[in-house]
1. Take the chain, connect every pair of alpha-carbon atoms lying under 10 Å apart with a spring to form a Gaussian network, then pick out the residue of ALA213, ALA271, ALA16 with the largest mean-square fluctuation.
2. Cα atoms only, region 160-292: Rg and Dmax in Å?
3. By how many degrees, 0 to 90 and rounded to 10, does the Cα axis of helix 73-111 deviate from the longest principal axis of the chain?
4. Can you run phi through the Karplus equation (6.51, -1.76, 1.60; θ = phi - 60°) for region 220-236 and list ³J(HN,Hα) in whole Hz, with x for Gly and Pro?
5. Output the direction-averaged projected area (hull surface divided by four) of the convex hull of the alpha-carbon atoms of region 1-97, in nm².
6. So how much slack lies between LEU150 and VAL62, counting 0.36 nm per residue of separation and subtracting their Cα-Cα distance, in nm?
7. Go through (1) 54, 40, 39; (2) 82, 72, 32; (3) 56, 47, 38 and flag the label whose value is the computed Cα extents along the principal axes in Å for this structure.
8. To the nearest 10 degrees, how steeply does helix 44-62 sit against the main Cα axis of the chain, on a 0 to 90 scale?
Amino acid sequence: MAPPDPTFNEARSLPARVVKYALQPTALVLILWYWASDPTNPLAFGIAIGSLHLVLGALERVMPARPAWTIRGPRLLLNVVLAGALTVALGVVDELSEPILSAPLASVRASLRLDVWPHSWPVVPQLLLLFLVSEGIWYWVHRAEHRWALVWRASGHGVHHSFKQLGALNFGLNHPFEFILLVLPSTLVGLLFGVGPAALGTALLAFAQASIAHCNLDLNSRGIGWLLTTNRYHVHHHSVVVAESNTNYGCAVILWDRLFGTFSDAPTREAGSGPTEPTLWQKTLMPIWEPRDTVIAPS
């Protein structure tokens, strides 16, 4: 096991310990409650994710787990713009893909008799079921990105791993080429089984989980970390050490890593795709040309 990171600030004060143990479960419960109160509200997604990031951003300023990872000024503004653009773009991709895929997948559903979705269940259990299934698909997509060089390059996944400083906003710092892969699992499952309103809640829960999993805070992994990904586990996936990067593929659900043998619980000393962080222009070009010091890309 790697030695502990001496730059990591463990939660010791009472407020920091309250955040450590209460933030993730409380945030997820509140988001689910807010969404379940009006599952078809088109504004629920933006309000919930925006509010979560305001809280995470403020906490990252006052009690960062790694002070050296605190981002300020123009760089912070750029990350806000890029993460916001990704969120909007994913919504657009989802809206455009639904009318294209809806009729063909409805035909597949009818021909294969896949009308088995439990519509009679309460909406929250439906959401949790779709969440687990779609995250299971994403686990294998994400694992393929790290296993095969062609998928890694075609998706531009190296961009997401290129950042040396991680925070909640890194949930949305991806190359545009990866947009389709990000929405594909939940969209396919949702349309194939005719899920309905629970699909929006699943996307909301996945985005919330991804935001928390990237945040620069000392959060608890015991208990909740048996099922859900915590930031300790996901930051380890962002390690600059290739053997560590090839673990913990579940961005929101760590259960699949536990089941398929890719789970790792260890401290992380350094994040990134190599010793130095590429420039914005270099990140844009990574699907075509990767910096020479990239060390975690599959060969």
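Quick note: the coordinates plus some simple rules give every number you see, no bench work behind them. Keep in mind that this is a model prediction, so the values were computed, not measured. Because the Cβ atoms are built from the backbone with ideal geometry, glycine has one as well, and the counts that use them run over all protein chains shown.
1. Fluctuation is largest for ALA16.
2. Reported Rg and Dmax, both Å: 15.5, 46.
3. Once rounded, the angle reads 30 degrees.
4. For region 220-236, the Karplus curve yields 6, 10, 6, x, 4, x, 6, 10, 9, 6, 10, 5, 4, 6, 6, 4, 4 Hz.
5. So the mean shadow area of the Cα hull is 9.1 nm².
6. Gain in length upon complete extension: 27.6 nm.
7. So the calculated entry is the one marked (3).
8. 10
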